[in-house]
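Beneath this line is the structure, given in structure tokens, with notes to follow.
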Amino acid sequence: MKSQGVTVRGPLFDTMVAHYLLEPDMRHNMDLLAETYLHYTPISITELIGKKGKKQLNMSELSPEEIYEYACEDADVTLQLKNYFAPLLEKNKVRKLFDEVENPLIPVLAAIEYEGISIDGNAMAESSKELAGYISDIEKQIYQMAGTTFNIGSPKQLGEILFDKLNLTGDKTKKTKTGQHATGEEVLSKLAGQHEIAQLILDHRQLTKLKSTYIDALPQLICARDGRVHTSFNQAVAATGRLSSTNPNLQNIPIRTEKGREIRKAFVPRDGSHLLLSADYSQIELRIMADFSGDATMKEAFQKGLDIHASTAAKVYHVGLDEVDSDMRRKAKTINFGIIYGISAFGLAERLRIPRREAVEIIDAYWQEFPAVKQYMDSAINSAREKEYAETILGRRRYLRDINSRNANIRGYAERNAINAPIQGTAADIIKIAMINIHNWIETEKLQTRMILQVHDELVFDAPKEELGIIQPKIAELMKTALPLSVPMEVGMGVGENWLAAH
DNA sequence: AGAAGTCTCGC
DNA sequence: CAAGCGAGACTTCTT
């Protein structure tokens, strides 16, 4: 049996901790999780998972004895690792992170996975037919314009059609690392003014993505036993401490486009007496940046409850808050995100499609107005150079062994990690604590509300209508107070007949 | 059959 | 060179 996930990637004990927390494969053993942590009578994994993708199909083909053996083996691996590493854990921050966050989170995740979420399969089937029609129409138009049929889903073939046959000219004729013509969204968007076919390809891409990844895939994962979809949350996969979600990934359900939003509408409460409640942290990463840097201007914006992007725009463009137009706000929003990721002037210019010179000016103005942010970023990099790791507020470490590399490219990547990992990871720490506290509160109050999803800064609940009055203020409070910072934490909330309406 | 590459969905 | 973290579908290359 494979023991992937057990691999110890680094020599230092707290890297090992991340792996002993949870053997990732174990997360798929719902029987074991339910039995161990929820004291439910385990139901057959074959029954629960039913027909799935290729990997799960193999699982279903196992006999109950084999499944049991598999589960035991996983549990045994986890236990062995735990026994081996536990004595190495001293009374330090990482120990606390394990004892007070990651370990108590396990039963919470198990409960969420076990609970599942209802998806309207009929709506999905309707959508599938509709999309198939649109896609076939677009295909015909593309073939006509190209003067030939080809596989639109093949970047290689598409590149040859666009750039060799139709002789379209990208401004730099971007190439991928294998020497092919790049045909990504960015390239095609720029080509849209030149030839109608580019927009059609983009539309085709969007529709086939929605159809194959969501509309056709999700209904297949509806569990025959309870009619719900059960994701798996990986607790020890993302380098920053975030969760990730697989089989299916419920952390990347579309919301951006109109057609995408239709998919969100198919995520519904368990029945007519329930509603979905969505609670999300507002700008949690920027608030963490404000706290870490102590920047007076940024902290003031949050303390006053201002629109942070508009506030940033007012500062950077030296205008009054009421003079900020939508374009200034949009650019400031991009800057704010860029700050968290360690952006360059080049990157900002690319994203905003503005001249380099303008991007430099904007960034200079930003440092002028938020000097403590600049100082924080420099000190984060210096600290990582010294220690070869970056850490969150709870001491969750990300090792950055490339931080002193002589290769500027590799070093730059590590430096951006040094800035981003503490921020993204602290956000993960905070929502994990909130999840534990909320789960425990629901249990002690013996409520019927169930937490059913986590999407990095959002929690989704399936709640009886009559419990909404009690749970809304309490959930908001528990999220805000999970780990108090020097700036207030805001939580947005919505209730609805589906996940889209709950936003 | 599996790995690698490309692309696109989310926060 | 050039913004962080993921998962999954699909095509194409390698074994």
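Nothing in this text is a laboratory measurement; each read-out follows from the coordinates by a stated rule. Fair warning: this is a prediction, and the values are worked out from it, not measured in the lab. Methodologically, a virtual Cβ is constructed for each residue, glycine included, from the backbone with ideal geometry; neighbour enumeration extends over all protein chains shown.
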Inset, instruction - Under 9 Å from the Cβ of A:H181, count the other residues' Cβ atoms, weight Lys and Arg +1, Asp and Glu -1, and hand me the total. - result: +1
Legend entry - Relative packing of peptides A:218-229, A:421-432, A:276-287 - highest average C-beta neighbours within 10 Å first: A:421-432, A:276-287, A:218-229
Inset, instruction - Rank these for me by crowding, A:L168, A:L447, going from fewest to most other beta carbons within 10 Å. - result: A:L447, A:L168
Legend entry - P(r) tail fraction, the stretch A:198-314 - alpha-carbon pairs more than 25 Å apart, %: 50 percent
Inset, instruction - Determine, for each peptide in A:306-313, A:251-258, A:390-397, A:375-382, the mean count of other beta carbons within 10 angstrom over its residues, then list the peptides with the highest first. - result: A:390-397, A:306-313, A:375-382, A:251-258
Inset, instruction - Place a +1 charge on the Cβ of each Lys and Arg in the stretch A:286-425 and a -1 charge on the Cβ of each Asp and Glu, then give the dipole magnitude about the Cα centre in debye, rounded to the nearest 20. - result: 580 debye
Legend entry - Longest to shortest principal axis, alpha-carbon extents of the stretch A:397-503, angstrom: 61, 27, 23
Legend entry - Dipole in debye (nearest 20) - the stretch A:165-296, about Cα centre, beta carbon charges: Lys, Arg +1; Asp, Glu -1: 460 debye
Inset, instruction - Have a look at A:A123, A:H204, A:A182 and report the one farthest towards the positive end of the charge dipole of the stretch A:122-215, computed about the Cα centre with Cβ charges (Lys/Arg +1, Asp/Glu -1). - result: A:A182
Legend entry - For the stretch A:248-305, with +1 on Lys and Arg beta carbons and -1 on Asp and Glu, the positive-most of A:I253, A:I263, A:L275 along the dipole: A:I263
Legend entry - the stretch A:122-215 - charge dipole about Cα centre, Lys and Arg +1 at Cβ, Asp and Glu -1, debye rounded to 20: 380 debye
Legend entry - Per-residue Cβ neighbour rank within 10 angstrom, fewest leading, A:H230, A:H318: A:H318, A:H230
